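Please read the structure below before turning to the comments.
What follows draws every value from the coordinates through simple rules; no lab data is involved. Only a predicted model underlies this, so the values are computations on that prediction, with no experimental measurement involved. Cβ coordinates were reconstructed from backbone atoms using ideal geometry, including for glycine residues, and neighbour counts include every protein chain displayed.
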Amino acid sequence: MSACSRVVTSGAAYLDIDAYACCIAYAELLNHQGIQARAVSSAPLNFSIPRTVLGWPCALDDYRPGAGDEFVLVDVSDHHHVDPVVALDRVVEVIDHHPGFETYWAQRLGPTAEIRPIGAAATLVFLRWEAAGLLPRISEHSAALLATAILDNTLNFRGQMTTPADRRAYDVLARRATLAANWPAQYFTECQAAIESDLTAALAADMKRMAATDNLPQVFAQMTVWDAAALIHRHHPMIGRWLSGQGDDWVLNAISICDGKSYLLAQAPGSQGKISRLQPVRWQAGVAVLEPSLQRKEWVGLALQVGLPG
Ligand SMILES: [Mn+2]
């Protein structure tokens, strides 16, 4: 009989840098605390994890969860979209920053479900390390992963969900990981180059079907790049063709770090209208520009508010 393990895992569709960092760094923390834990995922990694990051000396564990294992969800709380390895009745902890399922988990887990609006789930994991008094023992690669996840999920601290805790966590972790001062530009530029070299795969890897609300286009693709205006200028027709193949009702939210704007692409008047009802943008030739940029989880938040009575 093998000993039971805490399996730290995330969403089913894909793993972004925040989910990836949280799995690895939170499993490392649990192990320091004497709880056997593993970072496990069966989802593909998306384009927010570029080659430089993959080159750091860390990885997910090659582990198949067994009958007695317990699960920790990080950077996900929608129970419809968790990794297929998860047994929902054996989830013991949730650490997330996506809105919509706070009540579901509060009823099941009480205070061990921590779901709150903050720039990155990685910041919540950083706070766990700090609260445990174990920050001096965090590995350099976990510190670098968490720091980079914070950069990505806060859109280089310009995202509207960014909090002072995200900034402080980045400063502490970047120092600990000795990241270069120009790491943000380097990171987002590398992500953009990877995305442009395989655009349809990048679209497929960060596309969600919005079942929860009628107030958003059904297909909601997103990418975060250094310069979205340049990317759209180069690839607009191709992006439109590929997304039209996924359905009639779609939008692409291309988040541009260098100018802090969202470049929205949509073709159908109905899809454009759904976006315009949530934010007052002007559509021109299928493109609308929004400053400051909004992330998909913020669009979902707006769409859910519209659905509330009163
Ligand atoms: Mn996240």
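A few comments on the model shown:
- By DSSP, the beta bridges lying fully in segment 1-120 are antiparallel in about 5 percent of cases.
- Under 5 Å, built H, 5+ apart or other chain: amide partners of L45: L15
- Largest first, the three principal axis extents of the alpha carbons in segment 153-259 are 46, 31, 21 Å in whole numbers.
- Amide H contacts of A120: none lie under 5 Å away among residues 5 or more positions distant or on a separate chain (H built 1.01 Å from N in the peptide plane; Pro and chain starts excluded).
- Convex hull volume of the Cα atoms of segment 6-179, normalised per residue: 110 Å³.
- For segment 198-307, taking the reciprocal of the average inverse distance between every pair of different Cα atoms yields a Kirkwood hydrodynamic radius of 13.7 Å.
- Compared with the alpha-carbon gap, the fully stretched path from D198 to Q267 is longer by 22.6 nm at 0.36 nm per residue.
- Segment 198-307: antiparallel DSSP beta bridges as a percent of all, rounded to 5: 65 percent
- Amide H to amide H distances under 5 Å link D96 with D75, E114, I115, R116, where only residues 5 or more positions off or on other chains count and H is placed in the peptide plane.
- Ordering 256-269, 98-111, 13-26, 191-204 by mean Cβ neighbour count within 10 Å, with the highest value first, yields 13-26, 256-269, 191-204, 98-111.
- A straight line joining the Cα centroids of segment 1-54 and segment 160-178 runs 20 Å.
- Kirkwood hydrodynamic radius of the chain, Cα pairs, Å: 19.8 Å
- Relative contact order for segment 6-179, counting Cα pairs under 8 Å that sit 6 or more residues apart, in percent: 24 percent
- In segment 5-105, the convex hull through the Cα atoms has an average projected area of 6.5 nm², a quarter of its surface area.
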